[in-house]
Structure formats: C-alpha cells, structure tokens
Amino acid sequence: MMRPIRWLLPHPFLTLLLTVVWILLQNEFSAGMAVFGLILGIVIPVLTARWWTDRPHRIRPMRMIAYVALVLWDIIIANIQVAWIILTKSNASMSPAWVVVPLDLKEPEAISILAGTITLTPGTVSADLSANGRYLLVHALDATDPDAVRDDIKDRYERRLKEIFV
C-alpha cells in the first residue's frame, strides 16, 4: 500500500505547496479551482520526481510551521528597522558589511531555505554559496558588528533548520 502512495505523492509537501499557491493565484476560491490545484500538485511532482534524487528523509512539519511563523515575524520587524535606518541614517553613517556564515547544514533544501530566509528578511541578502557548500556569503545593510550578524543567523535560523531536517 505504501508503494502506490509513494509513487503518487513523491513530495507531499510540494504537492500541498503547489495546491495552495494555485488556489491563492486564482484570487477567488472555488471547488473546481481547488481540485485543479490538487491535480497540478500531484502531476508536477510525479513528472519531476526522477530529478529529485536526494530528498530529505525526515522533516518535522510542526517545527517547520514554527520556523515559518518566526520568519514572518522577523520580516515584519526587519521592515520596520530598515525603514528606520533609511529615514534616520545618512549613507556615510551606515555600516554595510559582507558576512561569511559557516554552515553546519548538509541538505541542499535546508541550505536553500536558509539562503531564502536571509534574502527575504529586509536588510540582508544571500549573495553566494561556496563551491563546497560550507559557507554562505551574506550582505548586511547596516551591521556595526558582522560577527553578531553571523551568530544571529546561525542561532536564529540555522539551528532551527537543523531541527527541522533530521
């Protein structure tokens, strides 16, 4: 029984994500659009499953929900902080910095989520990943202490991602 379900839903979270995104893109909820979104959510992962060879073995969905809530909160706070920086600081008094973040994460999906999280949070941008995947280069808009930025990324995001991708 597990084999047909694994074949039909090779990436259940991707199926759910595609379905929800389709419904949101329609800007109007209807049963037909929800069913069509579910069909897309099943067909696209099935057709692309062979290119997804190394997918995570176990993901903790409740920790992922908590992580998303944390990131949304951080985006709101960072928007306010960046607006304050723009309104009150001159360019000469800002301290932009390049920060190298050593990564403990191994899964490409977790590294992608971390890079996306950093880029989504106003004031920081993920600029590059080292060839061996062990370091992430981040640009911070105003960082008087680049080490504190690095430590904050590692403690606030990477630590939680390591708990999600077990």
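The values are calculated or read from the model by the stated rules, or taken from the named source; none is laboratory data. Computed from a prediction, not measured in an experiment: that's the story for all the values here. Positions of Cβ are generated from backbone atoms using ideal geometry, with glycine treated the same way; all protein chains shown enter the neighbour counts. Accessible surface areas use protein heavy atoms only, side chains included; no ligands, DNA or RNA. Shrake-Rupley method; radii C 1.70, N 1.55, O 1.52, S 1.80 Å.
What accessible area per residue comes out for the chain, rounded to a whole number of Å², with a 1.4 Å probe?
It amounts to 66 Å² per residue over the chain.
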- prompt: What number, in percent, do you get for the relative contact order of the chain if the mean sequence gap of Cα pairs under 8 Å and at least 6 apart is divided by its residue count?
  reply: 24
field: Label-to-label distance, nm, for residues given as Ala78 and Trp52 (7 Å Cα→Cβ offset)
entry: 2.6
- prompt: Over region 61-164, what percent of the accessible surface lies on carbon and sulfur atoms, probe 1.4 Å?
  reply: 64
- request: Starting from the Cα of Thr144, move 7 Å in the Cα-to-Cβ direction to define the label point; list residues of region 77-100 whose amide nitrogen is under 16 Å from there.
  value: 81-82, 84-86, 88-97
message: If you wrap a convex hull around the alpha carbons of the chain, what volume per residue comes out, as a whole number of Å³?
response: 144
- prompt: Calculated FRET efficiency, Leu40 and Leu120, Cβ-Cβ r, R0 35 Å, to nearest 0.05?
  reply: 0.90
message: Tell me the angle of helix 12-26 to the major Cα principal axis of the chain, expressed in degrees between 0 and 90 and rounded to the nearest ten.
response: 80
query: By how many nm would the segment from Phe29 to Leu137 lengthen if fully extended, with 0.36 nm per residue of separation less the alpha-carbon distance?
result: 34.8 nm
Computed lengthening from Ser95 to Glu163, 0.36 nm per intervening residue step minus Cα-Cα distance: 21.2 nm
